[in-house]
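The values are calculated or read from the model by the stated rules, or taken from the named source; none is laboratory data. Values in this document were obtained by computation on a predicted structure and should not be read as measured data. When we count neighbours, we look across all protein chains shown, and the Cβ atoms used for this are built from the backbone with ideal geometry, even at glycine. With ligands, DNA and RNA removed, areas are computed over all heavy atoms of the protein, side chains included. Shrake-Rupley method; radii C 1.70, N 1.55, O 1.52, S 1.80 Å.
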Amino acid sequence: MNYKDFFNQSIQNPEEFWRLQAKDIEWNVFPSTILSKDENNYDSWYADGKLNISYLAIDKHINDGFGNQTAIIYDSPVTNTKQFISFLQLKDEVSKLAGAMLALGLKKGDTVIVYMPMVPQAVYAMLACARIGVIHSVVFGGFAPHELAIRIDDCQPKLIITASNGIEIQTQIPYKPLVDRAVDEATHKPQHVLVFDRKQGVEFEKKPYDLDYSELVSKATPAECVVVESTHPLYILYTSGTTGKPKGIIRDTGGYAVALKFSMKYIYGVEQGDTYWAASDVGWVVGHSYIVYAPLLNRNTTVLFEGKPIKTPDASTFWRVISEHNVKVMFTAPTAIRAIKKEDPEGEFMKQYDLSCLKYQFLAGERCDISTLHWLEEHLKVPVIDHFWQTESGWPMLANMAGVELMPIKPGSASLPVAGYNIQVLDHDGNQLPAGTEGFVVVKLPLPPGTLTNLWRNTPRFVAGYLERFNGYYFTGDGGFQDPDGYLFVTGRVDDIINVAGHRLSTAEMEEVVSAHPAVAECAVFGVNCDLKGQRPLALVVLKSGSNINPKVLEAELIEKIRDTIGPVASFKEALVVERLPKTRSGKILRKLLRNIADKVEYKVPSTIDDMAIVDEMIDLFKDRDLISMC
Ligand code: COA
Ligand code: AMP
């Protein structure tokens with residue numbers, strides 16, 4: 001098959017293209033309408049189809065005779081555990097948990113928050129919700145109680161499913177007290193908190209709303225799958241926006257199932273029965289799509305890895321997992337490879353393992369620097385494919401479609417538009433830009449199936465954030481340019497979102513926390529380059545007049561406050577006191593200018609700046625700072 005023809009078919013006749021792809025999954029009612037408009041006049045896929053995604057991910061494979069195939073390999077170097085869970089065992093766990101949820105009074109359309117470490121019970125929880133039409137919202141464990149409370153108030157769960165603790169390298173993170181604090185802070189109160197006690201000696205206070213996961217599941221009657229409409233929300237996944245409030249991305253059921261199945265075959269090039277590994281976390285979109293739903297829909301064995309690329313126990317762990325579990329395709333973030341490269345620059349660990357099972361290595365989540373790509377290519381000796389997507393898209397937007405035709409790899413580029421995504425680069429006024437010119441990365445509507453359908457209870461923000469900036473296009477929020485062969489080079493966010501170790505964070509949220517400190521008059525938080533995590537946040541702080549707080553004391557208090565409010569995942573480690581901040585004449589802080597001066601890259605001083613002298617002050621502030629080595 002030829003990539004160009006395949007791609008062109010998807011753009012020229014999307015309805016026909018996606019009608020054919022829809023035949024690749026089993027429906028209870030095959031959709032007669034492929035593409036239509038929803039009540040907000042936004043594109044909707046497979047509106048009158050009916051299905052259940054938990055059935056497709058589990059029961060179908062058992063019915064087809066693959067019940068004994070391993071569905072999940074739980075590999076946890078932090079607990080020295082390896083567990084092989086077959087589709088039959090997965091059905092038993094998921095259907096009983098779903099039955100327990102029904103017995104608690106949950107029903108189709110209710111919401112449940114899942115706040116769990118990387119344990120199989122997190123996957124059971126997601127699939128159990130999907131089994132009975134309950135909408136799950138998984139919250140990443142590295143977020144603090146305040147972030148969890150915001151999400152509780154927004155999606156109003158009847159139930160929260162959590163665990164006693166997570167393990168970060170060697171440190172026990174007690175999750176349950178974090179949930180209690182979030183429930184305390186939130187206005188909405190869930191009826192119950194279901195706690196999976198990992199029995200690792202982590203004590204927690206029992207609350208009246210607590211229920212014991214293992215006890216409830218052991219007594220439960222297994223639940224059958226509830227058939228839902230294709231447009232029924234499968235999950236809400238919160239992601240950072242440009243305000244202090246995260247956005248609840250809504251994913252539908254039918255479009256998502258079709259898109260994920262399609263992606264396994266045509267992007268990742270895996271066959272049913274292969275082992276596939278996405279080294280991410282179920283709290284991120286990569287975890288939703290490529291640890292849980294896509295591999296299970298495609299009858300792959302998925303690896304659930306509870307560890308880090310380094311220190312669990314060392315930089316060999318990725319290669320051990322690939323070799324030991326016969327991984328055919330692996331997916332991780334460049335930051336993980338940079339961490340490994342730092343510990344093992346000559347790739348000595350890789351040489352200790354037979355990695356001949358590996359066909360492709362995919363990278364995403366942040367820009368992949370060329371030296372990391374080359375290092376990996378040189379040592380792994382398989383195609384290393386940088387691809388690009390977002391929480392909003394749910395599956396890749398730019399990729400080398402290895403399952404269609406492996407195209408040449410161009411270092412620095414996140415590859416070519418994926419079939420279904422008519423990606424273009426526009427200028428400020430919405431004109432298409434020629435090759436080589438940088439602009440705004442957009443997708444001409446309709447987006448393909450599986451992409452976001454709205455924001456949870458916030459259609460105006462959905463329209464304003466994604467659809468209004470360029471009429472007829474979805475706006476990604478990223479800048480970039482295309483080369484004459486159509487390859488996209490993504491240059492970074494054009495808004496105030498930063499990317500720290502592949503984690504998307506809002507500087508606006510951090511500014512809210514910093515400016516709430518009693519000594520702070522105003523502040524700017526922006527991302528600076530970091531050779532390990534890609535970016536990390538830095539705060540510049542102007543003190544209230546009369547404040548004589550010691551800058552080091554203030555910095556320590558702000559670090560603690562961000563950890564406690566947003567979470568350790570923000571990796572906030574530095575706050576500097578300054579006399580004033582660079583602003584436009586209308587009072588807007590010039591964060592991009594600050595970022596460029598701090599990173600010592602070329603920049604243009606905007607003509608709207610209110611005082612040129614501040615530029616020299618900022619150059620002076622950063623001149624002796626080796627920011628990169630401070631990560
Ligand atoms: N629960 C609780 N705390 C968590 C957490 C979780 N699930 N995940 C991270 N944290 C904490 C860490 O313990 C750390 O806390 P500390 O400041 O007390 O040490 C902090 O959040 C930052 O964590 P992390 O970003 O993982 O940094 P690190 O320095 O521990 O490790 C890397 C660096 C590069 C090894 C790590 O960031 C990594 O593996 N990155 C890959 C990320 C990835 O796969 N992203 C995929 C998105 S597609
Ligand atoms: P998230 O929604 O957390 O998946 O983050 C999505 C954002 O990460 C995108 O908007 C990009 O800014 C960035 N991103 C993801 N993949 C890539 C990539 N391959 N190259 C450059 N940036 C990327």
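Descriptive notes on the structure:
- Measuring only protein heavy atoms, the 1.4 Å probe finds residue 104 accessible over about 40 Å².
- Probe 1.4 Å - accessible area at residue 134, Å² to nearest ten: 0 Å²
- For segment 503-624, accessible area per residue (1.4 Å probe, heavy atoms of protein chains only), Å²: 49 Å²
- Counting only Cα atoms, the size of segment 503-624 along its three principal axes is 39, 38, 28 Å, in decreasing order.
- 288, 428, ranked by accessible area, largest first (probe 1.4 Å): 428, 288
- Accessible surface of segment 340-405, 1.4 Å probe: 49 percent of it comes from carbon and sulfur atoms.
- For the residue pairs 176/199; 261/410; 583/604; 91/219; 158/189; 4/261, alpha carbon separations beyond 18 Å are given by 261/410; 4/261.
- Heavy atoms of the protein chains alone define the surface here; on that basis segment 118-159 has 12 Å² accessible area per residue at 1.4 Å probe size.
- Taking Cβ atoms as reference points and 13 Å as the exclusive limit, the residues near residue 207 contribute a net charge of -1, counting Lys and Arg as +1 and Asp and Glu as -1.
- Among 96, 444, 176, 4, the sequence by solvent-accessible area, most first, with a 1.4 Å probe is 4, 444, 96, 176.
- Taking only the Cα atoms of the chain, the ratio Rg/Rh comes out at 0.95, with Rh defined as the Kirkwood radius.
- Accessible area in the full protein assembly, largest first, 1.4 Å probe, for 202, 123: 202, 123
- Mean shadow area of segment 425-563, taken as a quarter of the surface of its Cα convex hull (nm²): 11.7 nm²
- The longest part of the chain holding none of the exposed loop GluC sites (Glu not before Pro), meaning those outside H, G, I, E and B in DSSP with at most 12 other Cβ atoms within 10 Å, is 40-202.
- Rolling a 1.4 angstrom probe over the protein heavy atoms with all chains in place gives segment 1-63 an accessible area of 50 Å² per residue.
- The fraction of accessible area contributed by carbon and sulfur in segment 451-552 is 52 percent, rounded to a whole number (1.4 Å probe; ligands and nucleic acids excluded).
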